[in-house]
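Asker: Handing you a structure now.
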Amino acid sequence: MNILVTGGAGFIGSHCCVQLLDEGHDVTVVDNLSNSSIEAIYNIELITGKKINFFEIDLLDEEGMNNLFQSKKFDAVIHFAGSKSVSESVDFPLKYYFNNVYSSILLIRIMAKYDIKNLIFSSSATVYGEPSSVPINESFPIKGMNPYAISKIKVEEHLRGNFHEYPDWRIILLRYFNPIGAHKSGLLGDNPNDKPNNLMPFILKVASMEEEYLEVFGNDYETKDGTGVRDYIHVSDLSDAHVSSLNYLLSSDEKSGFCHALNIGTGRGYSVLEIIETFEKINNKNIPYKVVDRRPGDISQSFTDTELSQRMLKWSAKKDLNDMCKDSWKWKQSEMKRKKYES
Ligand code: NAD
Ligand code: UDP
């Protein structure tokens with residue numbers, strides 16, 4: 001099948017491209033490289049021994065996107081492209097409404113124009129805000145606590161609205177929990193162009209001695225050890241969930257179209273201190289940390305109920321926290337070697 005992957009040079013998109021190529025799909029990537037580099041595309045090709053059709057286009061460039069859709073007929077679109085920092089979204093909300101919401105509307109419109117009806121969209125567990133209980137299932141209320149979360153909710157709403165207009169579209173909204181880890185080759189990983197805000201990229205900076213210590217944001221939450229609890233999922237398992245979603249879109253015996261929202265996580269919650277401890281043990285590295293105030297806007301705990309995703313996609317996460325910590329560090333070490341070699 002011909003699959004268009006938006007944001008395919010990014011962290012999750014690049015891993016997904018590897019899996020799609022391994023499954024025998026023909027993969028086209030559009031990415032403006034605003035938070036990634038062309039190296040990711042070369043490395044996908046190196047890992048798979050297959051060719052990617054890469055286009056450096058901004059989703060907001062209507063003419064460029066139109067030319068792309070005119071040149072090739074796609075069977076499905078997997079839409080990763082967008083901006084992903086919660087804190088940046090608080091400082092620059094308009095950027096998030098423009099780059100996440102408006103760009104998605106343009107994509108939906110162009111898909112409709114060229115009669116492409118299969119879509120997987122990268123949503124986020126952040127759409128649940130502070131849940132009243134855990135585990136979180138898909139019927140929990142949606143609450144946008146920051147512009148990033150609101151941007152995801154808006155796109156979900158547009159897709160549901162669009163579905164009413166085009167009832168034969170087949171749409172899966174994947175609400176990811178906390179993706180970490182990296183490709184086992186060490187060639188692909190989370191490579192943000194700016195200073196990272198997320199836990200694992202920051203732990204990697206401490207492990208590589210680019211930062212002196214990790215700040216643990218609060219130890220007075222009502223959790224097992226007082227630090228925040230999240231459902232971390234290996235990026236390879238997350239990529240598998242996309243391949244399973246694609247199979248569902250392309251072969252489901254649901255007669256009419258659909259728009260399903262699915263949570264994608266492992267169903268297990270780990271605290272910040274558990275992550276530090278596991279990382280230290282598996283990689284034999286010391287991660288110094290200091291407990292500081294809570295980060296504004298943080299929730300205490302979040303992990304998913306896996307029942308619906310398992311039942312619908314026949315998918316479940318396979319890798320454990322040891323794999324996630326090991327592969328993350330392997331990726332960081334490869335990146336350090338590459339940088340040293342380049343300089
Ligand atoms: P990423 O930043 O690594 O990848 C996004 C890619 O999209 C980048 O390569 C970037 O250059 C590209 N891009 C951004 N704006 C674009 C535009 N206007 N036109 C073309 N390309 C553009 O992020 P990621 O971690 O791979 O996340 C992928 C998706 O998953 C995002 O939509 C993100 O919001 C969502 N998500 C991520 C996480 C996470 O923790 N990583 C969690 C939940 C949801
Ligand atoms: N966290 C932390 N120090 C950091 C980054 C994150 O203590 O430098 C904590 C954060 O408070 C949360 C957990 O790690 O409890 C995961 O944070 P992340 O930003 O990775 O994911 P999110 O909060 O968006 O789910």
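Asker: For region 111-139, name all the residues that are within 13 Å of ligand 1 (Cβ to nearest atom) and β-branched (Val, Ile, Thr).
Answerer: Listed by number, the residues that qualify are 120, 126, 127.
Asker: Which fully enclosed strands (runs of 3 or more DSSP E) of region 164-253 have 1 or more residues being farther than 17 Å from residue 332 by Cα and near ligand 1 (Cβ under 10 Å from one of its atoms)? Let's see the steps before the verdict.
Answerer: On the way: elements: 170-176, 178-180, 214-217, 232-234.
In region 164-253, 170-176, 178-180, 232-234 are the strands (runs of 3 or more DSSP E) which contain 1 or more residues that are farther than 17 Å from residue 332 by Cα and near ligand 1 (Cβ under 10 Å from one of its atoms).
Asker: Working only within region 136-175, note down all residues that are under 19 Å from residue 301 (Cα atoms) and either surrounded by 21 or more Cβ atoms within 10 Å (Cβ to Cβ) or of a type in the set (A, V, I, L, M, F, W, C) (or both). Quick ask: steps written out before the conclusion?
Answerer: Here is the first cut: in region 136-175, the residues under 19 Å from residue 301 (Cα atoms) are 136-146, 148-149, 175.
Once the filter is applied, which keeps residues that are under 19 Å from residue 301 (Cα atoms) and either surrounded by 21 or more Cβ atoms within 10 Å (Cβ to Cβ) or of a type in the set (A, V, I, L, M, F, W, C) (or both), region 136-175 yields 136, 140, 142, 145, 148, 149, 175.
Asker: For region 1-32, give me each residue that is assigned to a helix (DSSP H, G or I) and either in contact with an Asp or Glu (Cβ under 7 Å, 6 or more places away or on another chain) or of a type in the set (Asp, Glu) (or both).
Answerer: Let us first name the residues in region 1-32 that are assigned to a helix (DSSP H, G or I), namely 11-22.
Result: 11, 19, 22.
Asker: Between 282, 276, 287, 264, which is touching a Leu at 6+ places or on another chain (Cβ under 9 Å) and under 25 Å from residue 14 (Cα atoms)? Working first, answer last.
Answerer: Details: 282 fails: under 25 Å from residue 14 (Cα atoms); 276 fails: under 25 Å from residue 14 (Cα atoms); 287 fails: under 25 Å from residue 14 (Cα atoms).
The unique qualifying residue is 264.
Asker: Could you tell me how many of the residues in region 295-313 are assigned to a helix (DSSP H, G or I) and in contact (Cβ under 8 Å) with a residue 60 or more places away in the chain? Steps first, please.
Answerer: In the first step, residues of region 295-313 are kept if they are assigned to a helix (DSSP H, G or I); the result is 307-313.
Right, trim to in contact (Cβ under 8 Å) with a residue 60 or more places away in the chain and you get 307-309, 312-313.
Selection size over region 295-313: 5.
Asker: What number goes with the only condition from (1) farther than 30 Å from residue 296 by Cα; (2) surrounded by fewer than 21 Cβ atoms within 10 Å (Cβ to Cβ); (3) in contact (Cβ under 8 Å) with a residue 24 or more places away in the chain; (4) of a type outside the set (S, T, N, Q) that residue 93 does not pass?
Answerer: Going through the list (1) farther than 30 Å from residue 296 by Cα; (2) surrounded by fewer than 21 Cβ atoms within 10 Å (Cβ to Cβ); (3) in contact (Cβ under 8 Å) with a residue 24 or more places away in the chain; (4) of a type outside the set (S, T, N, Q), residue 93 breaks only (1).
Asker: Please work out which one of (1) closer than 17 Å to residue 11 by Cα; (2) of a type outside the set (Asp, Glu); (3) modelled with pLDDT under 95 is the condition residue 257 fails and give its number.
Answerer: Only one criterion in (1) closer than 17 Å to residue 11 by Cα; (2) of a type outside the set (Asp, Glu); (3) modelled with pLDDT under 95 is unmet by residue 257, namely (1).
Asker: Within region 151-197, track down each residue that is among the polar types (S, T, N, Q) and either at pLDDT 95 or above or more than 15 Å from the chain's Cα centre (by Cα) (or both).
Answerer: Filtering region 151-197 for residues among the polar types (S, T, N, Q) gives 151, 162, 178, 185, 191, 193, 197.
Within region 151-197, 151, 162, 178, 185, 193 qualify.
So that you can scan it fast, the table gives a plain yes or no per residue for (1) outside any loop (DSSP other than H, G, I, E, B); (2) at pLDDT 95 or above; (3) within 16 Å of ligand 1 (Cβ to nearest atom):
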residue: 275; (1), (2), (3): yes, yes, yes
residue: 278; (1), (2), (3): yes, yes, no
residue: 315; (1), (2), (3): no, yes, no
residue: 318; (1), (2), (3): no, yes, no
residue: 327; (1), (2), (3): yes, yes, yes
residue: 333; (1), (2), (3): yes, yes, no
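Asker: Let me ask another. Among the residues of region 21-59, write down those that are within 9 Å of ligand 1 (Cβ to nearest atom), crowded, with 16+ Cβ neighbours inside 10 Å and over 19 Å from residue 107 (Cβ atoms).
Answerer: 40
The values are calculated or read from the model by the stated rules, or taken from the named source; none is laboratory data. Source: prediction; values computed, not measured. Using ideal geometry, Cβ is built from the backbone for each residue, glycine included, and neighbour counts are taken over all protein chains shown.
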